[in-house]
């Protein structure tokens with residue numbers, strides 16, 4: 001690959017997009033992109049009781065920790081702070097990381113970098129890079145998809161295969177509820193550990209899996225339990241923590257590494273608490289004793305319908321598994337997708353076992369989106385997913401193939417036009433996702449009813 005002329009002597013600026021966030025302005029929308037993971041996805045139905053917190057930009061923290069070039073990191077900067085940094089210091093490389101919905105801010109930041117630091121090489125990465133033809137939407141020199149650590153090391157002429165150094169990451173900060181900040185003692189918040197990225201199961205709705213290669217592919221930063229144990233011991237000593245949020249799409253899927261970690265924990269007398277993501281088929285690789293000894297305290301588990309055909313659920317009784325995990329003191333957050341191909345009012349997860357599960361565990365309900373790069377999105381391009389044209393975020397459809405008057409799903413397409421720099425609604429829509437296939441109004445109304453029913457039930461469960 002091309003190496004920067006200054007190599008590892010190049011000065012690097014890494015930054016997330018500028019704030020303010022979740023605002024109804026030229027760069028955002030409170031409805032399209034609500035702020036905060038838990039408030040947006042898990043506890044939003046709980047009103048003022050919703051759990052609120054922020055998370056750092058872990059990707060650029062990992063990149064900074066794993067390059068030897070002199071670097072500066074801006075996380076959650078204002079537009080003014082970004083401009084000041086560009087003019088106060090010379091940077092050979094400006095790296096901007098973003099999610100898809102913030103494409104407008106990326107576009108603006110590229111323009112600012114060109115104007116204020118014309119000699120800088122502009123690099124853009126993160127999920128925003130999955131947008132088709134993004135090269136024609138922003139003024140960047142390089143678009144990085146997938147592993148940003150290896151790419152940046154290669155660009156700086158450094159050893160791509162060098163061991164991964166893990167930064168000190170606190171899993172969340174500024175925790176609050178009912179408008180009151182929750183007091184936090186030193187070491188009481190879990191440290192974040194990132195053993196792997198991607199997931200070989202490759203569910204067709206999963207953007208993180210698709211971003212790192214999709215089905216059958218993943219990237220291990222730490223191959224063995226021994227390596228992982230050393231990272232956690234260092235964090236325990238430096239950060240004074242005894243709990244870890246394991247940011248891995250399916251941590252328990254790699255049983256050998258997990259059991260090696262358990263062996264080291266037993267040998268050194270470590271009693272840590274681990275918060276993990278995992279699937280039913282991975283959890284069932286372990287006995288309850290092994291899970292408890294490993295310190296598994298909380299699991300975020302996918303609970304999509306068996307009708308979906310996902311291998312992670314085949315042959316596994318999630319109701320029984322949920323009950324057994326809770327009996328052993330393991331908390332669960334069940335995640336399900338609304339709007340898969342087979343969903344109707346009768347087959348919606350809200351009509352099956354989900355209401356029963358809601359009385360036992362926390363639930364995350366998400367409507368599927370046709371995000372760039374997904375296998376699901378590719379099927380939609382071929383017209384194979386009629387119901388997906390109802391989703392209100394990446395879509396603006398007024399077409400209908402029935403005699404029913406066109407059914408319109410409210411979408412701020414003008415918002416997407418501004419972000420992408422497109423000159424028409426149709427162009428903006430094509431920039432963000434593939435054009436929606438024609439759909440019957442009845443399909444749209446049916447799926448909106450499913451979502452309304454899901455929201456109603458989630459609200460009742462919270463109350």
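The values are calculated or read from the model by the stated rules, or taken from the named source; none is laboratory data. Nothing here was measured: the structure is a model prediction, and the numbers come from that model. FYI the Cβ positions are ideal-geometry reconstructions off the backbone, even for glycines, and counts take in every protein chain you see.
Tell me, please, whether a residue that is surrounded by fewer than 19 Cβ atoms within 10 Å (Cβ to Cβ) and modelled with pLDDT of 95 or more can be found in the range 333-347.
Taking every residue of the range 333-347 in turn, none turns out to be surrounded by fewer than 19 Cβ atoms within 10 Å (Cβ to Cβ) and modelled with pLDDT of 95 or more.
Going by the structure shown, is residue 13 buried (at least 19 other Cβ atoms within 10 Å of the Cβ), out of contact with any strand residue (DSSP E or B) (no Cβ under 7 Å at 6 or more places or on another chain) and at pLDDT 90 or above? So residue 13 fails the test.
In contact (Cβ under 8 Å) with a residue 40 or more places away in the chain, in contact with a helix residue (DSSP H, G or I) (Cβ under 7 Å, 6 or more places away or on another chain), crowded, with 20+ Cβ neighbours inside 10 Å and outside the structural domain of residue 253 (by TED's automatic domain parsing): does that describe residue 178? Considered against the rule, which asks whether it is in contact (Cβ under 8 Å) with a residue 40 or more places away in the chain, in contact with a helix residue (DSSP H, G or I) (Cβ under 7 Å, 6 or more places away or on another chain), crowded, with 20+ Cβ neighbours inside 10 Å and outside the structural domain of residue 253 (by TED's automatic domain parsing), residue 178 comes out as no. Do any residues in the range 23-47 that are in contact (Cβ under 8 Å) with a residue 24 or more places away in the chain have Cβ atoms under 8 Å from those of residues that are exposed (fewer than 14 other Cβ atoms within 10 Å of the Cβ) and part of a helix (DSSP H, G or I), where the two are at least six apart or on different chains, and which pairs are they? So the pair list comes out as 43/49; 45/459. For the residues 229, 205, the requirement of being buried (at least 17 other Cβ atoms within 10 Å of the Cβ) and within 22 Å of residue 164 (Cα to Cα) singles out 229.
Please find, among 117, 97, the residue that is modelled with pLDDT of 95 or more, closer than 19 Å to residue 210 by Cα and touching a helix residue (DSSP H, G or I) at 6+ places or on another chain (Cβ under 6 Å). So the residue among 117, 97 that is modelled with pLDDT of 95 or more, closer than 19 Å to residue 210 by Cα and touching a helix residue (DSSP H, G or I) at 6+ places or on another chain (Cβ under 6 Å) is 97.
Rundown of residues vs (1) at positive phi; (2) over 25 Å from the mean Cα position of the chain (by Cα), yes/no style:
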position	(1), (2)
110	no, no
117	no, yes
125	no, no
133	yes, no
136	no, no
142	no, no
146	yes, no
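Summed over the range 23-45, the residues that are in contact with a strand residue (DSSP E or B) (Cβ under 9 Å, 6 or more places away or on another chain) and crowded, with 17+ Cβ neighbours inside 10 Å give a count of 6.
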